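Please read the structure below before turning to the comments.
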Amino acid sequence: MPQPEQRRILATAIPGPKSLKLHEHRGGEVAGGLGSVLPVFVDSAGGGVLVDVDGNHLIDLASGIAVTSVGASHPHVVQELSEQAQRFTHSCFLVTEYEGFVDVAAALNRITPGDHAKKTALFSTGAEAVENAVKIARTATGRSAVVTLGHGYHGRTLLTMSMTAKNAPYKEGFGPFAPEVYRVPSPYPYRWPSGSERSGEEALAALRELVLTQVGSHNVAAIVAEPIQGEGGFVVPPPGYLKAVQEFAHEHGIVFVADEIQTGLARTGDMFACEHEDVVPDMITTAKALAGGMPLAAVTGRAELMDSVPAGGLGGTYAGNPVACAAALATLEIIERERLVERAREIEQRVIPRLEALTGPGSVVGEVRGRGAMLAVEFVNPGTTEPADDIARAVAAHCHRQGVLVLVCGTYGNVIRLLPPLVIGMDLLDEGIDVLEEAVRSVR
């Protein structure tokens with residue numbers, strides 16, 4: 001099937017009549033706990049465009065939440081997963097083995113930070129990857145406590161939900177939560193009480209105090225951190241903070257886990273976001289962009305850590321599904337062949353100046369931040385730093401009506417995040433930012 005035409009087309013109002021009818025049907029069949037950013041039903045997608053059932057072509061600045069970095073139907077991914085599906089769709093790697101699983105593990109061992117001996121375990125979802133990283137750290141250290149950061153997000157399973165900071169909608173009503181999870185303040189420079197200059201130093205002091213005096217370092221198995229916080233609002237830590245956390249962890253025999261599920265695989269202008277800080281994690285989790293839209297996740301770590309769990313202790317029926325592995329190998333090849341790390345940097349250089357032009361005294365834009373093609377705009381009430389979630393929602397709604405898909409995030413619900421496919425055409429990207437600028441000006 002050919003790629004959809006790479007231009008914005010508004011054939012109907014958005015959502016259109018066919019989407020609205022399907023959304024009404026969905027309401028009677030699908031659990032209400034599954035939300036929807038925009039009630040539009042997609043018919044096809046690829047490059048930087050989503051085509052809905054009404055014939056609208058939307059500019060995609062979401063990538064399925066950082067999943068379709070190589071587009072939603074890259075021909076090479078489609079070809080490779082199709083060929084694998086014709087051979088076999090499943091056998092369970094824990095029952096009978098296949099090369100694709102091993103090849104994906106070898107590729108991740110090669111491209112993740114550090115030149116130490118590594119091994120990889122494959123899973124199906126990001127939450128599974130994080131949960132298994134904790135299991136491995138606990139086994140390797142003989143300790144139970146896990147330390148996470150404020151504003152962090154790690155998943156929706158019991159353990160990863162417990163590790164996630166934000167209550168609604170991720171945790172509300174779902175307790176009691178998993179024990180032995182401790183959270184420390186995360187350096188959020190824009191909102192740090194004593195100023196951005198001191199955020200890293202003071203956040204590190206709070207981490208040290210919690211680990212050393214409240215929990216006991218000898219009880220801590222792992223510190224788990226996103227190099228750039230995703231759902232928390234694309235919060236970029238101050239320079240040196242992550243490196244200091246890693247050094248502190250090593251000083252006390254604690255495993256440092258980088259949760260790169262949203263940031264990894266070229267998204268931030270490095271293959272992995274922790275490379276920007278010269279951080280080499282003991283374990284790194286990947287998912288989202290790993291398999292071009294197919295469900296696949298991984299934990300890659302120091303060989304001695306990964307081998308600490310006895311045979312049979314890790315796995316899952318669908319973990320490392322052969323079709324998803326074929327898609328992953330194609331995706332990783334595309335990222336390297338099409339130089340998408342450099343492409344992410346080009347996107348940043350093109351977009352950031354335009355977004356920063358929206359800031360200033362009296363603006364509803366409090367801060368613009370991010371790296372690569374992981375960029376965010378934080379909205380505030382003019383003249384203050386008070387979070388303005390209503391403005392963020394209004395801006396997003398304007399973009400949606402004009403055929404540009406953006407996502408709202410942040411602890412306070414006042415951040416619009418931009419996650420365009422790394423293969424998006426620059427003219428299409430420019431047009432999407434044009435619409436975003438219009439939306440911001442409409443609420444100023």
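A few remarks follow.
- Among the candidates E172, E180, the residue that is at pLDDT 95 or above and closer than 21 Å to V147 by Cβ is uniquely E180.
- Residues in segment 212-243 that are outside any loop (DSSP other than H, G, I, E, B) and either small (G, A, S) or at pLDDT below 95 (or both): S217, A221, A222, A225.
- On the stretch given as segment 198-211, residues that are out of contact with any strand residue (DSSP E or B) (no Cβ under 6 Å at 6 or more places or on another chain) and touching a residue at least 12 places away in the same chain (Cβ under 8 Å) total 6.
- Counting only strands (runs of 3 or more DSSP E) that sit completely within segment 1-73, those holding 2 or more residues that are touching a residue at least 40 places away in the same chain (Cβ under 8 Å) and either among the charged types (D, E, K, R) or closer than 19 Å to E338 by Cβ (or both) correspond to 42-46.
- Evaluating V368 against the criteria (1) in contact (Cβ under 8 Å) with a residue 24 or more places away in the chain; (2) crowded, with 17+ Cβ neighbours inside 10 Å leaves one unmet condition, (1).
- For segment 88-116, a residue qualifies if it is touching a residue at least 60 places away in the same chain (Cβ under 8 Å) and not in a helix (DSSP H, G or I), and the qualifying residues are F88, T89, H90, S91, C92, F93, L94, Y98, T112, P113, G114, H116.
- Counting only helices (runs of 4 or more DSSP H) that sit wholly inside segment 295-406, those with at least 3 residues that are closer than 23 Å to P281 by Cβ are 303-306, 322-337, 340-356.
- Scan of segment 41-64 for residues that are touching a helix residue (DSSP H, G or I) at 6+ places or on another chain (Cβ under 7 Å) and either at pLDDT below 95 or surrounded by fewer than 24 Cβ atoms within 10 Å (Cβ to Cβ) (or both), ordered by number: F41, V53, D54
- With respect to (1) farther than 18 Å from Y318 by Cβ; (2) touching a helix residue (DSSP H, G or I) at 6+ places or on another chain (Cβ under 7 Å), the lone exception for G71 is condition (2).
The values are calculated or read from the model by the stated rules, or taken from the named source; none is laboratory data. Computed from a prediction, not measured in an experiment: that's the story for all the values here. Don't worry about glycine lacking a Cβ; one is built from the backbone with ideal geometry, like all the others, and counts go over all protein chains shown.
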